[in-house]
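Visitor: Have a look at the structure that comes next, please.
The values are calculated or read from the model by the stated rules, or taken from the named source; none is laboratory data. Keep in mind that what you see is a predicted model, and the values were worked out from it rather than measured. Cβ: placed from backbone, ideal geometry, glycine included. Neighbour counts: every protein chain shown. Protein only, heavy atoms only, side chains kept; ligands, DNA and RNA dropped before computing areas. Shrake-Rupley method; radii C 1.70, N 1.55, O 1.52, S 1.80 Å.
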Amino acid sequence: MDCIRIKSLKVKARHGVYEFERKKDGTFELDIEIYLPLEKSGQSDKLDDTIDYVDIVSIATKAFAEKNYNLVEAAAESVCEKLLDALNVAKVILRVRKPHAPINAAFDTVEVELIRKNEYFK
């Protein structure tokens, strides 16, 4: 199966279990993988035969930031659901990084990865 990837999409949101995390925006990073056949668009060279990157970014950004979640996992689940509902795709893989996670340790980032399939994909 072919794939469209959007890497390190920066989204401002207020997700976290602590009150101080909900008082100001944190910048999260999203990697989005959308699985669908791309042969038709590769041959036709027409946007109508694929999924517009703008649509993917718009849906993901809105879903991620529309509500303040305690857990990044819940925010990620919302993004996957919205992408699968809005787009005719076989599978979505979403990675969400929270480099500013309040952990008293030296680390680059924390990351969750969700893999969701569209049982109705045609």
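Visitor: Just need a number here: residues in the range 77-108 that are out of contact with any Phe, Trp or Tyr (no Cβ under 9 Å at 6 or more places or on another chain), surrounded by fewer than 13 Cβ atoms within 10 Å (Cβ to Cβ) and closer than 30 Å to residue 20 by Cβ.
Guide: 6
Visitor: A further question follows. Being of a type outside the set (Ser, Thr, Tyr), open to solvent by 100 Å² or more (accessible area, probe 1.4 Å) and over 12 Å from residue 65 (Cα atoms) is the filter here, so list the residues in the range 1-22 that pass it.
Guide: The answer is 1, 5, 7, 19, 20.
Visitor: Being of a type in the set (Val, Ile, Thr) and assigned to a strand (DSSP E or B) is the filter here; which residues of the range 10-61 pass it?
Guide: 11, 27, 32, 34
Visitor: If only one of 31, 25 is charged (D, E, K, R) and surrounded by 14 or more Cβ atoms within 10 Å (Cβ to Cβ), which one is it?
Guide: Unique residue meeting the criteria: 31.
Visitor: Applying the selection to the range 57-86, what residues are over 18 Å from residue 110 (Cβ atoms), of a type in the set (A, V, I, L, M) and either touching a residue at least 60 places away in the same chain (Cβ under 8 Å) or out of contact with any helix residue (DSSP H, G or I) (no Cβ under 7 Å at 6 or more places or on another chain) (or both)?
Guide: If the condition is that a residue be over 18 Å from residue 110 (Cβ atoms), of a type in the set (A, V, I, L, M) and either touching a residue at least 60 places away in the same chain (Cβ under 8 Å) or out of contact with any helix residue (DSSP H, G or I) (no Cβ under 7 Å at 6 or more places or on another chain) (or both), then 57, 65, 84 are the ones that fit.
Visitor: Related question: Being within 14 Å of the chain's Cα centre (by Cα) and either on the phi > 0 side of the Ramachandran plot or open to solvent by less than 70 Å² (accessible area, probe 1.4 Å) (or both), is that true of even one residue in the range 42-54?
Guide: The answer is no, given that none of the residues of the range 42-54 is within 14 Å of the chain's Cα centre (by Cα) and either on the phi > 0 side of the Ramachandran plot or open to solvent by less than 70 Å² (accessible area, probe 1.4 Å) (or both).
Visitor: Let me ask something else about it. Pairs needed: first member in the range 10-23, over 13 Å from residue 63 (Cα atoms); second member anywhere, hydroxyl-bearing (Ser, Thr, Tyr); C-beta distance under 8 Å; at least 6 residues apart or different chains.
Guide: Correct list of pairs: 10/27.
Visitor: Something else about it: Tally time: how many residues in the range 88-122 are in a loop (DSSP other than H, G, I, E, B), aliphatic (A, V, I, L, M) and under 21 Å from residue 10 (Cα atoms)?
Guide: Result for the range 88-122: 3.
Visitor: Would it be correct to say that residue 31 is modelled with pLDDT of 95 or more and within 11 Å of the chain's Cα centre (by Cα)?
Guide: So residue 31 passes the test.
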